[in-house]
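The values are calculated or read from the model by the stated rules, or taken from the named source; none is laboratory data. All values reported here derive from a predicted model rather than from experimental measurement. A quick note on method: Cβ atoms are made from the backbone with ideal geometry, for glycine too, and the neighbour counts reach across all protein chains shown. Only protein heavy atoms, including side chains, enter the accessible area calculation; ligands, DNA and RNA are left aside. Shrake-Rupley method; radii C 1.70, N 1.55, O 1.52, S 1.80 Å.
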Amino acid sequence: MPEALAEARTAAARGEVPVGAVIAYQGNIVASAGNRTLELSDPTAHAEMLVIRAASTRLGSERLTGCDLYVTLEPCAMCAGAIANARLRRLYYGADDVKSGGVAHGARVFAHSTCHHKPDILAGLGAEASAGLLHDFFSQRR
């Protein structure tokens, strides 16, 4: 999670919402990313989407079955869908997102019978630091 938090800080420095993500395979980081929606003018350029794309390219497969995703904020429904489609083994996330989350809140993508894959989920890892980054970011913009 420290690497995901570093990606979130870098995203904030670019003016992006501070969310960072890392994918690990066999204990080694294979990809990392932070939000880039503004920079790329792409509403799908969430940290999770970017890191899944990078890990898939690096590992040469659209299936990331042995991989673990660490992300600083609860994934939205779009990202949760991508996590299921990528067949990620585990999802670790920091802060809950009661407004836009798609895992424990909102759409609860993995709870649907139509979801073909559900990763093991551990919520709250680095939650205080993740929530602090988001709070500081948005308080500066209000």
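Let's see how each residue does on (1) assigned to a loop (DSSP other than H, G, I, E, B); (2) modelled with pLDDT under 95; (3) touching a Leu at 6+ places or on another chain (Cβ under 6 Å); (4) not small (Gly, Ala, Ser):
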| position | (1), (2), (3), (4) |
| --- | --- |
| His105 | yes, no, no, yes |
| Ile121 | no, no, yes, yes |
| Glu128 | no, no, no, yes |
| Leu134 | no, no, no, yes |
| Phe137 | no, no, no, yes |
| Gln140 | no, yes, no, yes |
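Pick from Val17, Val30: which is open to solvent by less than 40 Å² (accessible area, probe 1.4 Å) and either in a loop (DSSP other than H, G, I, E, B) or in contact with a helix residue (DSSP H, G or I) (Cβ under 6 Å, 6 or more places away or on another chain) (or both)?
Val30
Considering only residues that are closer than 22 Å to Ser130 by Cβ and among the acidic types (Asp, Glu), look in segment 49-82 and name the one that is nearest to the chain's Cα centre (by Cα).
Among those residues, the one meeting the criterion is Glu74.
Would you mind stating whether Leu5 is in a loop (DSSP other than H, G, I, E, B) and surrounded by 13 or more Cβ atoms within 10 Å (Cβ to Cβ)?
Values: in a loop (DSSP other than H, G, I, E, B): no; surrounded by 13 or more Cβ atoms within 10 Å (Cβ to Cβ): yes.
No.
Taking the condition of a type in the set (Lys, Arg) and free of Cβ contacts under 8 Å to residues at least 24 places away in the same chain, does Arg58 pass?
Against the criterion (of a type in the set (Lys, Arg) and free of Cβ contacts under 8 Å to residues at least 24 places away in the same chain), Arg58 does not qualify.
Counting only residues that are open to solvent by 10 Å² or more (accessible area, probe 1.4 Å), at negative phi, part of a loop (DSSP other than H, G, I, E, B) and out of contact with any Leu (no Cβ under 7 Å at 6 or more places or on another chain), how many does segment 34-85 have?
11
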